[in-house]
Structures are given as structure tokens and as C-alpha cells.
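Q: Below is one structure. I have some questions about it.
The values are calculated or read from the model by the stated rules, or taken from the named source; none is laboratory data. Computed from a predicted structure; not experimentally measured. Cβ placement follows ideal geometry from the backbone for every residue including glycine, while neighbour counts extend to all protein chains displayed.
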Amino acid sequence: MMTFPTDLVPVSWTTGLVAIVLALILRALHLTVQRCFFHPLAKIPGPRLAAISYLYEFYYDAWLGGKYCFHIEDLHEKYGPVVRINPNEIHIKDSEYYDKFYNISSKLNKDPFYYGFLDGPDAAFATDSFLGHRQRRKAFNKFFSPAALNALEIQVQKNITQLVHRMEEFKASGRPLRLGNAFRSLARDVISQYALPDGFHLLESPDLGEDLSSVNQMLSHVAIWNRHFRFIFPVLMATPSWLMHRIASPGMIQLMKFQMYNYEQSRRIVVGSDKGDDRETVLHGIHNSDLPESDKTPARLFSEATTIVGAGSETTGATLETLFYFILTKPDIRSKLVAELESAKQNGADISSKATLLGLPYLGACMKECLRYGNEVSGRLPRYDPNNVIVWRDHSFPPGTIISMNIADMHMDPNCHPRPHEFDPERWLDPSTAATAERFYAPFGKGSRACIGRDLAQLEVLITTATLLDKFDLRIFETEYDDVKPYHDFFSPFQKEGSKGLQVIVQ
Ligand code: HEM
């Protein structure tokens, strides 16, 4: 039988506390020494504080609100093309390397720490392993494939017709319209109504989804906090609805209702009371796929729905806003676009159809320039290879090293896109610049994790631009570039707080 010593001196609370603090200090010292001198990334240049602790990133990203991506730019100025930006991650600025790293044949995993900002941790988007992602994405690929383009086109046209009706109201009243906000609601309606049994109906709401757009900006900031403290989203989701109704704004309540409805739709599909007889949606597709049963729970379907809608809304809305800002402030661009559309119409073409619009070179060049200039995914897309060494120039990084790059670094590289801060659609048409421009262009990412909604997003941009230029004479209202330019990186870039974005008078 085991006996216990009876002569032990009882430890007081104070002594216990001191011991814990000492242990923590020792642990911190050990980590500091290990990360600075014995870590595989110890020789990579960068601020000491970033090498030692995630608090450095936390300060710029969460505390200051999406400022790390701008600070990383400064770090590259100081330290060169490779910088250690947190204890386990390096950031590379090298346009030539982008294609090699995010290659379709490289089997890279996503960094789970960074993608902890997503509130759908089980969605394909957030799945860290290469193989797990491949299986999940396969379950809904067909809904965004070239074969689905006609269905996507019909959805986009339907929602643009609604937007036009709402804009007629503004034309009649002469009130300024927050066009950027209207574009975000358009994009949110398109993807939610296409992908789910029933989606948002923001274009029908009295404020055209204005409050929801500002809630989205606020929640995107909260998401960055969630990257560092994973309990935030779960606590938010568990907040009782009676409390939310007391403290939340109308947009937040609208979003909550939608999320609850969305969960209910997922549940109905799983229990079989909604078989998708009218229309097989993305959620039905996932449920009918050969994924394991553990991937067909209401919570998993809900995660997938939330992430797809999130990914397709801010990005596309903001792209349209940037494009219209330049169309409305650069009369030569506007006249060329209008002339191209007029000429297509005179030849009997339907300018709301993708068949016509895909054949209009100037419109296509404007769209590309906007996707280059706008960089609507500002996040740094970190990846790691769990099995292989990664070689960059004369460096070899061991398996597991987290490496990230920013699309904007390539899009704004003067060696790839001369005068990168100039919005110039001609660079895509001029034979002396077009080939290089195409080579260093990846607004939708590259490789196996590239955007699934690429074709849908481009359809939205083309059809919306052509339709609004044809139907209305839009005049810019009290908007400077400062009102639309990115101030915060919450994976998507966001404008400065309180900005009304692009405003127009509809004529
Ligand atoms: C101009 C608009 C858009 C831009 C610039 C854009 C850009 C991107 C980029 C760069 C990625 C890669 C993210 C990463 O590596 O973590 C991505 C992923 C994704 N996008 Fe888009 N996107 C746009 C519109 C859309 C739309 C309309 C949808 C709707 C279906 C969508 C759905 C997704 C999804 C689901 C992923 C994750 C793909 C995966 O991991 O398999 N995006 N997008």
C-alpha cells in the first residue's frame, strides 16, 4: 500500500503564487532564448519582438486594427525581401517567386493560426490540410465550374435588375446613394441566393443593407481578435438572442437572424425535410456528396455556407466600388467604356449578357486593372509544407516553416506593372506591357486554394458595370480617394472608420 509523507510543510497561497510567476518567467525566458538563437528561423532578419512573441503581430493587427500588412511593408524596406514576422512565420516579397510558391502542384497546408479569423473553422476555406481541403472543395466545385456559368449569369442578372429598380428611387428623389454599400449588398444577395436555399434580401431592405455593411466591418475586426483568442466567436455565437436584441444594431440583428435561418436551412437538409427538389443548392450538393457523414452535419453545412457568402461579398462589392470610383473620376475612361458599349448595342448585341461582355476588350481591361489595383484580398495567405524543404533563393526552409506573401506586393511591383499606383486600363491592351502584366497577376490567388468564385465575381463586375453605365448618368458626390482607399486589413481591405465610401447622385 502506498504511504504519504506526513512531515511536508504546508505551502501558503503567496508562496504558490510566487512559484507560478517564477515558472512563467522561466518559461518566457526559455522561449525567448530558443526563438532568438536556436529556432530554425533564428537567422532570418526581422524585429526581435516579432521573433519572440505573437504579441507583436497582435499589437498591429488586433489592437491597432488591421495594420500589420502595412507595417510588414515597412519591415521589408528595412530588412529586405524576407522578414520573420512572428515566431514561426516568414514573409517574402518577391514577385518572381509568387508563382513558384503558390503552385497548383505544391501540396501546401494553410496556417491554422492565421486562418483562425474565420468563423467557419470546418469550412473548406479554413481547412488546413491539403488533402482535407481537396475532398471538401470537390463536394461543391461543380456549382462554380464553367458548366454552371449560365445559372450564375441568371442569378446575377436577376439581382442587378433589383438594384436598378432601387436606383430609380434615388434618381427620382435626388438623394445621394452610397454606391459602394449597394454593391456590397448586391454581391451578398447574389452569392447567398445562389448558394443557399434562401439567402439575404438586402436589395429589398429599406437601407439597402447599409447597417449590415458597417456591422461586417466591425465583425471583421473582431475576427482578427479571434485569431489570437479563439473563444471570442464561440462566446459571441452563444450570446442569447434576447440580450443581442437589447444591445445590437439593426444590421447585427439582421445578420443574426440570417445566421439562425441559415443554420435551420442546413438542419432541414440534413434531416431530409428539404430535399432540394426545386433546385439543388451548394448545401444540398455537399449533403449529397461522397464526403464522410461527419462532414454532413448541420454545423458543418452552416460553416460552409457562412464562409462562401463571406468570401463572395466584401471582395466583389469593394472591387465594383473601386472600379466605379475610377470610372467616375476619369472622364476619358468613362467615355471609352460608354463608346464601346454603345457600339456593341448598335451592332444588336445584348449588353447584359456574358457572351457580349466577354468580347469587349476595354471593359475587360478596366476589370483587370481594378482587380490589380484594388487587391481585394489583402491578407497574406500563409502556407507550409509539412513534408518538404522549401527553397527560396539561397535559403532552405525546413518542413513546417510558415511562409506568406501578399498579392498586393506583386500587383504594386513597378518592375511588373510600371507606374503601379496609376489606374491605367491601357496596360492590359498595350502589347509592350500586357504579357508581363498578365504574368504577375493573381487577384484570385493561385494553386489549389485559389478562389472558387472567380468566374462569378467577374460576371458580377462585367454585367453591373455595363448595366449601370447604360441605364444611368452617375455623378460622384462628396467622395475623395481617401474615402475609398484601404485603411485596415481584415483579410479584405476596409475603408477608414465612418467613411461613407463612394457616393453618387443618380441621373
Ligand atoms: C473580386 C472578387 C474576389 C476576389 C478578389 C477573391 C479572391 C480570393 C482569393 C485571393 C482567395 C484565396 C484565399 C486564400 O488563399 O486563403 C479566395 C478564396 C475563395 N473565394 Fe474568392 N474572391 C472573390 C470573389 C469570390 C466570390 C464571388 C466567391 C463566391 C463563391 C468566392 C469564394 C471563395 C472561396 C469559397 C474561397 C476559398 C477557396 C478554397 O479554399 O478552396 N470568392 N478568393
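Q: Sort out which residues of segment 136-145 are within 12 Å of the ligand (Cβ to nearest atom) and either part of a helix (DSSP H, G or I) or of a type in the set (V, I, T) (or both), and write them in order of number.
A: Selection gives R136, R137, K138, N141, F143, F144.
Q: Identify the single condition in (1) within 29 Å of N103 (Cβ to Cβ); (2) among the hydroxyl-bearing types (S, T, Y); (3) in contact (Cβ under 8 Å) with a residue 12 or more places away in the chain; (4) more than 16 Å from the ligand (Cβ to nearest atom) that Y441 does not satisfy, given that it satisfies every other one.
A: (4)
Q: I want to confirm something. Restricting to segment 109-119 and keeping residues that are more than 10 Å from the ligand (Cβ to nearest atom) and surrounded by 21 or more Cβ atoms within 10 Å (Cβ to Cβ), which single residue is farthest from S492 (Cα to Cα)?
A: N109
Q: Checking the condition under 21 Å from the mean Cα position of the chain (by Cα), assigned to a helix (DSSP H, G or I) and farther than 20 Å from Q157 by Cβ, which residue from R188, R227 passes?
A: Working: R188 fails: farther than 20 Å from Q157 by Cβ.
On inspection, the qualifying residue turns out to be R227.
Q: Take H411 and tell me if it is at pLDDT 95 or above, more than 16 Å from the ligand (Cβ to nearest atom) and under 14 Å from N375 (Cα atoms). It would help to see each step written out before you state the result.
A: Numbers: at pLDDT 95 or above: yes; more than 16 Å from the ligand (Cβ to nearest atom): no; under 14 Å from N375 (Cα atoms): yes.
Judged against the criteria, H411 is not a match.
Yes/no matrix, rows are residues, columns are (1) hydroxyl-bearing (S, T, Y); (2) in contact with a Phe, Trp or Tyr (Cβ under 8 Å, 6 or more places away or on another chain); (3) farther than 30 Å from R166 by Cβ:
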position: L196; (1), (2), (3): no, no, no
position: S214; (1), (2), (3): yes, no, no
position: P234; (1), (2), (3): no, no, yes
position: H245; (1), (2), (3): no, no, no
position: F258; (1), (2), (3): no, yes, no
position: V282; (1), (2), (3): no, yes, no
position: D295; (1), (2), (3): no, no, yes
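Q: Here's another thing I want to ask about it. Among the residues of segment 473-500, count how many are of a type outside the set (S, T, N, Q), away from the ligand (no atom under 16 Å from the Cβ) and either part of a loop (DSSP other than H, G, I, E, B) or more than 15 Å from the chain's Cα centre (by Cα) (or both). Give the steps one after another, and end with the answer.
A: Restricting attention to segment 473-500, the residues satisfying the condition of being of a type outside the set (S, T, N, Q) are 473-478, 480-491, 493-494, 496-498, 500.
Now drop any that are not away from the ligand (no atom under 16 Å from the Cβ), which leaves 473-478, 480-483, 485, 487-488, 496-498, 500.
Now restrict to residues that are either part of a loop (DSSP other than H, G, I, E, B) or more than 15 Å from the chain's Cα centre (by Cα) (or both): 473-478, 480-483, 485, 487, 496-498, 500.
Result for segment 473-500: 16.
Q: Does A148 qualify as being within 16 Å of the ligand (Cβ to nearest atom), more than 22 Å from T322 (Cα to Cα) and either among the small types (G, A, S) or part of a helix (DSSP H, G or I) (or both)?
A: Numbers: within 16 Å of the ligand (Cβ to nearest atom): yes; more than 22 Å from T322 (Cα to Cα): yes; either among the small types (G, A, S) or part of a helix (DSSP H, G or I) (or both): yes.
Yes: the conditions hold for A148.
Q: Which residue pairs have Cβ atoms closer than 6 Å, lie 6 or more positions apart in sequence or on different chains, and pair a first residue in segment 92-107 that is in contact (Cβ under 8 Å) with a residue 12 or more places away in the chain and part of a loop (DSSP other than H, G, I, E, B) with a second residue that is within 13 Å of the ligand (Cβ to nearest atom) and of a type in the set (S, T, Y)?
A: Cβ pairs passing all conditions: none.
Q: So which residues in segment 120-135 are part of a loop (DSSP other than H, G, I, E, B) and either within 19 Å of P386 (Cα to Cα) or away from the ligand (no atom under 11 Å from the Cβ) (or both), if there are any at all?
A: Within segment 120-135, the subset part of a loop (DSSP other than H, G, I, E, B) is 120-123, 127-129.
Of everything in segment 120-135, those that are part of a loop (DSSP other than H, G, I, E, B) and either within 19 Å of P386 (Cα to Cα) or away from the ligand (no atom under 11 Å from the Cβ) (or both) turn out to be P121, D122, T127, D128, S129.
Q: Further, regarding this structure: With L462, L456 as the choices, which residue is in a helix (DSSP H, G or I), in contact with a Phe, Trp or Tyr (Cβ under 7 Å, 6 or more places away or on another chain) and either of a type in the set (D, E, K, R) or within 16 Å of the ligand (Cβ to nearest atom) (or both)? Talk me through it step by step, then tell me what you get.
A: On the way: L462 fails: in contact with a Phe, Trp or Tyr (Cβ under 7 Å, 6 or more places away or on another chain).
Answer to the check: L456.
Q: So which residues in segment 232-269 are part of a helix (DSSP H, G or I) and of a type in the set (S, T, Y)?
A: S241, Y261, Y263, S266
Q: Out of curiosity, is G359 within 30 Å of N159 (Cα to Cα), within 14 Å of the ligand (Cβ to nearest atom), part of a loop (DSSP other than H, G, I, E, B) and of a type in the set (G, A, S)? Steps first, answer last, please.
A: Numbers: within 30 Å of N159 (Cα to Cα): yes; within 14 Å of the ligand (Cβ to nearest atom): no; part of a loop (DSSP other than H, G, I, E, B): yes; of a type in the set (G, A, S): yes.
For G359, the condition - within 30 Å of N159 (Cα to Cα), within 14 Å of the ligand (Cβ to nearest atom), part of a loop (DSSP other than H, G, I, E, B) and of a type in the set (G, A, S) - is not met.
Q: Follow-up question, since we're still on this one. Got at least one residue in segment 455-477 being of a type outside the set (A, V, I, L, M), without any contact (Cβ under 8 Å) to a residue 12 or more places away in the chain, more than 14 Å from L328 (Cα to Cα) and surrounded by fewer than 20 Cβ atoms within 10 Å (Cβ to Cβ)?
A: Restricting attention to segment 455-477, the residues satisfying the condition of being of a type outside the set (A, V, I, L, M) are 455, 458, 460, 464-465, 467, 470-473, 475, 477.
The next check asks that each one be without any contact (Cβ under 8 Å) to a residue 12 or more places away in the chain; those that pass are none.
Checking segment 455-477: not a single residue is of a type outside the set (A, V, I, L, M), without any contact (Cβ under 8 Å) to a residue 12 or more places away in the chain, more than 14 Å from L328 (Cα to Cα) and surrounded by fewer than 20 Cβ atoms within 10 Å (Cβ to Cβ).
Q: Have a look at S352, S313, S303, S396 and point out the one that is outside any helix (DSSP H, G or I), of a type in the set (S, T, Y) and within 28 Å of the chain's Cα centre (by Cα). Before the answer, list the steps.
A: Details: S313 fails: outside any helix (DSSP H, G or I); S303 fails: outside any helix (DSSP H, G or I); S396 fails: within 28 Å of the chain's Cα centre (by Cα).
Result: S352 is the single residue among S352, S313, S303, S396 that is outside any helix (DSSP H, G or I), of a type in the set (S, T, Y) and within 28 Å of the chain's Cα centre (by Cα).
Q: Identify the residue in segment 316-335 that is charged (D, E, K, R) and in a helix (DSSP H, G or I) and, among all such residues, is nearest to the ligand (Cβ to nearest atom). Give the steps one after another, and end with the answer.
A: To start, the set of residues in segment 316-335 that are charged (D, E, K, R) comprises 321, 330, 332, 334.
Filter once more, so that each one left must be in a helix (DSSP H, G or I): 321, 332, 334.
Values: E321: 11, D332: 24, R334: 21 Å.
Of everything passing the filter in segment 316-335, E321 is nearest to the ligand (Cβ to nearest atom).
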